[in-house]
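For reference, the structure is listed below as structure tokens.
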Amino acid sequence: MADGAVMTDVLAQGRAACYKARDAFYACLERESDKKPTEIATVGLLYPAECKKSRADFVANCRPTWVKHFDRQYCAKKRVQRLLDNDESRRGPISLPQPYTFKP
Amino acid sequence: MLNSRLVALSLRHGLSASSWVPRPTRSYPLRSFVSRGYSNGTRRRDHNLARQLSDDNELSNSQSWIYYVIPTALLVLAGAATFIHYNDEKRVISQESKQDTITARQNINRPAIGGPFKLYDIEGNLVTESDLRGNWTLMYFGYTSCPDVGPEEVQKMADGINILESKYNIKITPIFITIDPQRDAPAQLKAYLQEFDSRIKGLTGPIDAVRQIAQEYRVFFKKVDEIGQDYLVECSHNMYLLDPNLDTVRCFGVEYDASQLSDAIMAEVRKASK
């Protein structure tokens, strides 16, 4: 990075814009959680097509590494919430149907 | 002992005698028993005499023993008493020596953190550890491209020094040392830090110098999430409080907020000035 060239996207204004876009996107994700998530975000995160616009806004306002970082953070938070969930069926590890059980 | 031998002898002879009894034609073993018995009797008498003699000896011996035992016992007692007394004296901890040991222990138990460095500030002036001497310093290692924790920590540092100045009237030098010198040029640092507080000194330098100070202060840093030219740096977000002698007094993690941080710093300053 050359001297004098200041990266403005990490300064206060850039950060604020990024945080705003990020919060808007995750709010949309919560709001549209009953829709089928079809679009692919960065770290295995899926989101419904209704949030495409806010996602584009998020990606445009934040650095790609930041987007990835926030997506990862969101997934980790969701995972923890899943473990703390009151709904018994959704808590704990997912029980997958066993493909074959041996019966004599 | 002699009695038992006697019994054993008679027993053996008794046994042999009984086994030989059914053949009375042989009189030899029986005769030997008689002769042995007789000789034993004489030896027993000899022994009695010897015992009498030894009893006399013991009587005179025990009387002379007392002359040795009493002074020895007295000496041992006196020695034990003095030993216990000196031991107690040695174990008594006087007030000033207690203070000394506490300060000494604090110096000994301090982790080996910190060391000399040679970095450049945002104006391009050389800054070494001797420039920090004489002032309390709050040191933070970070980078300007940090998405969330970095700005929060710098904000906390700015708030903390404001609280310290307004509430406790004490000045502390805040320092931001970049661990990403490839991207954090002096101009970038200046633009970044003046948004928080212009008193925060930004330090950068050649990669080797930054790596050296990061290792001296046990700061973890690792380049992660590379996307093209862009990357994040995973690092330990710790703040170090350095006293005027450049000793690392405390280290604050992200769990402190600004007021807790300033209170903890003030407590350390008070402790040091006592």
- prompt: Roughly how much of B:L241 is accessible, in Å² to the nearest 10, using a 1.4 Å probe?
  reply: 0 Å²
query: Relative contact order for the stretch A:8-84: what is it in percent, counting Cα pairs under 8 Å that are at least 6 residues apart?
result: 30 percent
field: A:R72/A:K36 FRET efficiency (R0 30 Å; Cβ-Cβ; nearest 0.05)
entry: 0.85
query: In nm, to one decimal, how far is the modelled label at B:Y67 from the one at A:V59, with both set 7 Å along Cα→Cβ?
result: 11.4 nm
statement: Given B:70-81, A:50-61, the highest-first ranking by average Cβ count within 10 Å works out to A:50-61, B:70-81
message: Give me, ordered by chain and number, the residues 5 or more places off B:T173 or on other chains with an amide H under 5 Å from its own placed amide H.
response: B:W136, B:T137, B:L138
- request: Would you list, by chain and number, the lysines whose Cα falls below 18 Å from the Cα of A:K77, excluding same-chain residues fewer than 8 positions away?
  value: A:K68
- prompt: At a probe size of 1.4 Å, how large is the accessible area of B:E152, to the nearest 10 Å²?
  reply: 120 Å²
message: If amide hydrogens are placed 1.01 Å from N in the peptide plane, which non-local residues have theirs closer than 5 Å to the one on B:G205?
response: B:Y120
- prompt: Over the heavy atoms of A:R22, what accessible area does a 1.4 Å probe trace out, to the nearest 10 Å²?
  reply: 50 Å²
message: Using a 7 Å offset from the Cα along the Cα-to-Cβ direction at both B:K274 and B:L74, what is the distance between the two label points in nm, to one decimal?
response: 5.3 nm
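Given B:K171/B:K223; B:K190/B:K223; A:K35/A:K78, which pairs have Cα atoms separated by over 26 Å? Show your work: numbers first, answer last.
Values: B:K171/B:K223 34 Å; B:K190/B:K223 23 Å; A:K35/A:K78 17 Å.
As for pairs spanning more than 26 Å Cα to Cα, those are B:K171/B:K223.
The values are calculated or read from the model by the stated rules, or taken from the named source; none is laboratory data. Just so it is clear, the structure is predicted and the values come from calculations on it, not from any experiment. All Cβ positions, even for glycine, are placed from backbone atoms using ideal geometry, and neighbour counts span all protein chains on display. Side chains included, ligands, DNA and RNA excluded: accessible areas come from the protein's heavy atoms. Shrake-Rupley method; radii C 1.70, N 1.55, O 1.52, S 1.80 Å.
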